[in-house]
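Taken together, the values in this text are just the output of simple stated rules run on the coordinates, not laboratory data. For clarity, every value in this text was computed on a predicted model and none was experimentally measured. Positions of Cβ are backbone-derived with ideal geometry, glycine not excepted, and every protein chain shown enters the neighbour counts.
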Ligand SMILES: [Zn+2]
């Protein structure tokens, strides 16, 4: 879903911080949006007794500088929210690989979800609590410290958005914090996969509701958020099925054993002919000692000239050992370009192939 992003040159409490490329687009966009809504905010603040001279702030570059400051403050608020999750996870002994900011907010990538009962709910709820507390502190600051018009506007904007951030994240839809709280609480009484399935169902209904509301109110951002929640909620349910199917199992149990291999010296014409009696798209290529050299694809062989040796078509294969953890293998498979891992033993001899289709078949069998 998200790329590597740009790693910032510092860590926060030991946690690396990255910006997704989409962030570069969103920062100026938010700055501009906030700036253009400045007069409306000034009116809103007046209703709670905060006098901000909207006209004075709308002069020259001032609204854009204020917009940029408020947008940066918004992203800092998101980072603080994610740090809330990360530090709570740390209290359960789980480290955070990094925090990434992207155009719909932030993600703290935990190494795994703490397995203690109810821990997921605690880790999740601390995010909105952090945001709500930050919002309350900013509101207190506003009520007790005299500030200029510009500062008043930025602090008030951040107070309101932090409270909004807390409320939005409490929506009981996976992968939002509220959805995680719901799933974790359900899992106290039900098997985890059942809890995930129910929380996933609630998420889909909510996402569709959000999407319809966004459509009717012509709110494009809300529609994008709804689409994201819908997909991410489904992915969450699939991940749970994956975990349940493969947890604690080995590659050997799911691979297709003893695959057809081809010798590096095979003439290319004969390699092409494999197509007529086998349906595989690629084959492991081995040397005279039956050790893996890589893989060759039928489609590439068809484009190659007559008489070229097969070994010139060999490209590197993603390999895995038969006794490796299946959950990890599935994750590697998901990122593999060829859609297959070649299973090799300690001496680099081919003992099987693990294809995406093997994984799908196994997951469908346990549904
Ligand atoms: Zn959160």
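Some notes on this structure:
- Net length gained if the chain between residue 273 and residue 349 were fully extended (0.36 nm per residue, minus Cα distance): 24.9 nm
- Residue among 14, 118, 200 with the largest mean-square fluctuation in a Gaussian network model of the chain, springs linking Cα atoms under 10 Å: 14
- Panel note: the C-alpha atoms of the range 213-302, placed on their principal axes, show extents of 66, 37, 22 Å (largest first).
- Relative exposure of 22, 77, 203, judged by other C-beta atoms within 10 Å (fewest first): 22, 77, 203
- Cβ crowding within 10 Å ranks 266, 326 as 266, 326, fewest other Cβ atoms first.
- The fraction of Cα-Cα pairs per 10 angstrom bin, counted from 0 for the range 1-170, comes to 10, 34, 33, 17, 6, 0 percent, rounded to whole percents.
- Share of Cα-Cα pairs in the range 86-173 lying beyond 22 Å, as whole percent: 39
- DSSP finds beta bridges in the range 251-365, and of those with both partners inside it, around 80 percent are antiparallel.
- Length gained on full extension, residue 356 to residue 252, computed as 0.36 nm times the residue gap minus the Cα-Cα distance: 36.0 nm.
- Reported value for the range 271-367: 114 Å³ per residue, from the convex hull of its C-alpha atoms.
- Cα gyration tensor category, rounded, prolate or oblate, for the range 156-198 with a/c compared to 1.5: prolate
- The chain: angle of helix 177-189 to the longest principal axis, Cα-based, in degrees nearest 10: 60
- Extent along the principal axes, Cα only, for the range 310-367: 43, 23, 16 Å, with the longest axis given first.
- Measuring nothing but how far apart in sequence close Cα pairs (under 8 Å, 6+ apart) lie, relative to its length, the range 1-170 scores a relative contact order of 23 percent.
- Acute angle (nearest 10 degrees) that the helix 356-365 long axis makes with the longest principal axis of the chain, alpha-carbon atoms: 70
- Once you divide the Cα radius of gyration of the range 3-60 by 2.2 N^0.38 Å, the number left is 1.68.
- Order of 85, 280 under a 10 Å beta carbon neighbour criterion, fewest first: 280, 85
- Using alpha-carbon coordinates, inclination of helix 268-277 to the longest axis of the chain, degrees: 80
- Taking label positions 7 Å along the Cα-Cβ direction at both residue 190 and residue 213, the computed distance is 2.3 nm, reported to one decimal.
- Mean projection area, nm², convex hull over Cα of the range 172-247: 4.6
- Contour excess over end-to-end distance, with Cα ends at residue 308 and residue 55 and 0.36 nm allotted per residue: 83.5 nm
- Inverting the pair-averaged 1/r between distinct Cα atoms of the range 51-130 gives 14.5 Å as its Kirkwood hydrodynamic radius.
- Taking the range 172-247 and dividing mean pair separation by its residue count, relative contact order in percent (alpha carbons under 8 Å, at least six apart): 34
- FRET efficiency, residue 280 to residue 167 (Cβ-Cβ, R0 51 Å, nearest 0.05): 0.45
- Two-decimal Rg to Rh for the chain - Kirkwood Rh, Cα set: 1.11
- The helix-based estimate of mean residue ellipticity at 222 nm for the chain, built from -39,500 (n - 2.57) per DSSP H run of four or more residues and divided by its residue count, is -18500 deg cm²/dmol to the nearest 500.
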